[in-house]
Amino acid sequence: MPSRFTKNALSQKLTWSRIDLKYIHSIISQAKSEDMSGLGLTDALNHPLDVTSEIIPNADKGKAALVARQPFTLCGLPLVPLILEHYDPSLTFQTNHQDGESIADGQSFGILEGPSKSLLQAERILLNFLQYLSGIATTTKTFSDCLSDSDTRLLDTRKTTPLYRILEKYAFVCGGAYNHRYGLYDRIMLKDNHLAVLESNKALSLAEHLKNLRSRFPELPIQIEIDSLEQLESVLATNPDCILLDNFSISDLQEAIRIIDREAFTEASGGITLDHLADLKSLGLDFISTGAPIHQSQWVDIGLDWL
């Protein structure tokens, strides 16, 4: 029986409009407190203070440009006005660009204006977010471009920085790829340790367990991870919506895809590199998932240049 769900349902694209701004403001507030008050230390200050910027007169006004020091894929622009708001509501930001765009080396992609002291205080936190998220988007773009001539979609994983998952998954989409599940709550996904626990308790078969889960959560897809061809027949008999083929060789992937024969969506994962993508994209997989563009990405170089 083919999956009850579509390919689009199993590969989402997170948009900025779906992100909770309370979550964003909380992160920005903590980042500011870390930088100006020592948040995380037992002797943190009660009031924020930038001792260096005390030399700047309060009435002084400034203007600065965000400038690329290397080519990259842009991510994090909607954060900029929110960050400025935390430092000084009179700070302004203007840009003609949007997340997901390719920015050239030396290109200016935004202008900030307002009180110089406040702008200097916000500079580092603002750049940290842009460099970090654009780094993920840029690395993801390199990976996703490898699949541009294929029907196989690139998915992320839950291997994300604690409390920054939503921002990282958003950056992954800005790089041209797709999101897997967002957490433990939005997909039934049995991995090797789940199967090991169930194997130790034979009161119910795997098919019976899945039947119970389907009745409780009919709106959620069911995915099962396997790491050998020997597991495939019994797992396929439970009618999962997607089968994750973990660390399979090319030949085993080909055989698994043949056996599954579109009765479930197929996903390859485990040790995925750019070199792997070149070999995997022609196999007919529905998805390839990897956390590498997130946890192996490097920050891009962005400057804030005074005008």
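The values are calculated or read from the model by the stated rules, or taken from the named source; none is laboratory data. What you see is a predicted model; the values in this text were computed from it and never measured. As a convention, Cβ positions derive from the backbone with ideal geometry for all residues, glycine included, and neighbour counts pool all protein chains shown.
Numbers for the structure displayed
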read-out: Failed item, numbered, when ALA292 is tested on (1) aliphatic (A, V, I, L, M); (2) surrounded by fewer than 16 Cβ atoms within 10 Å (Cβ to Cβ); (3) in contact (Cβ under 8 Å) with a residue 24 or more places away in the chain; value: (2)
read-out: Failed item in (1) more than 14 Å from the chain's Cα centre (by Cα); (2) closer than 30 Å to ASN239 by Cβ; (3) at pLDDT 95 or above, with ILE103 passing the rest; value: (2)
read-out: Those residues of segment 209-230 which are out of contact with any Cys (no Cβ under 7 Å at 6 or more places or on another chain), within 15 Å of SER269 (Cβ to Cβ) and either surrounded by 17 or more Cβ atoms within 10 Å (Cβ to Cβ) or not assigned by TED's automatic domain parsing to the domain that holds SER269 (or both), in sequence order; value: ILE224, GLU225, ILE226
read-out: Residue count for segment 142-153, restricted to those that are closer than 29 Å to LEU163 by Cα and surrounded by fewer than 19 Cβ atoms within 10 Å (Cβ to Cβ); value: 2
read-out: Every residue from segment 158-177 that is assigned to a loop (DSSP other than H, G, I, E, B) and either at positive phi or surrounded by 19 or more Cβ atoms within 10 Å (Cβ to Cβ) (or both); value: THR160, LEU163, GLY175, GLY176, ALA177
read-out: Residue in segment 269-279 that is over 25 Å from the mean Cα position of the chain (by Cα) and either closer than 22 Å to THR139 by Cβ or assigned to a loop (DSSP other than H, G, I, E, B) (or both) present; value: no
read-out: Given (1) part of a helix (DSSP H, G or I); (2) surrounded by 13 or more Cβ atoms within 10 Å (Cβ to Cβ); (3) not hydroxyl-bearing (Ser, Thr, Tyr), number of the condition PHE5 does not satisfy; value: (1)
read-out: Failed item in (1) surrounded by 14 or more Cβ atoms within 10 Å (Cβ to Cβ); (2) more than 17 Å from LEU229 (Cα to Cα); (3) not polar (S, T, N, Q), with LEU307 passing the rest; value: (1)
read-out: Count of residues meeting criterion [within 24 Å of the chain's Cα centre (by Cα), surrounded by fewer than 20 Cβ atoms within 10 Å (Cβ to Cβ) and part of a loop (DSSP other than H, G, I, E, B)] in segment 231-247; value: 1
read-out: Top-ranked residue in segment 264-288 [being among the charged types (D, E, K, R) and at pLDDT below 95; ranked as surrounded by the most Cβ atoms within 10 Å (Cβ to Cβ)]; value: LYS281
read-out: Single residue of segment 80-92 satisfying the filter (in contact with a Ser or Thr (Cβ under 7 Å, 6 or more places away or on another chain) and part of a helix (DSSP H, G or I)) that is nearest to GLN121 (Cα to Cα); value: TYR87
read-out: Candidates VAL197, VAL173, VAL235, filtered to the one that is β-branched (Val, Ile, Thr) and at pLDDT below 90; value: VAL197
read-out: Pairs, first part of a helix (DSSP H, G or I) in segment 178-204, second charged (D, E, K, R), C-beta under 9 Å, six or more apart; value: ASP192/GLU225; ASP192/ASP227; ASP192/ASP246; HIS194/GLU225; LEU195/GLU225
read-out: Residues (of a type in the set (A, V, I, L, M, F, W, C), in contact (Cβ under 8 Å) with a residue 60 or more places away in the chain and surrounded by fewer than 15 Cβ atoms within 10 Å (Cβ to Cβ)) located in segment 10-59; value: LEU21
read-out: All positions within segment 93-146 that are among the aliphatic types (A, V, I, L, M) and part of a strand (DSSP E or B); value: ILE103, ILE111, LEU112
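Results for (1) buried (at least 20 other Cβ atoms within 10 Å of the Cβ); (2) of a type outside the set (D, E, K, R); (3) closer than 15 Å to TRP299 by Cα, shown as yes or no for each residue.
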{"position": "GLY100", "(1), (2), (3)": "no, yes, no"}
{"position": "ASP105", "(1), (2), (3)": "no, no, yes"}
{"position": "GLN121", "(1), (2), (3)": "yes, yes, no"}
{"position": "ILE136", "(1), (2), (3)": "yes, yes, yes"}
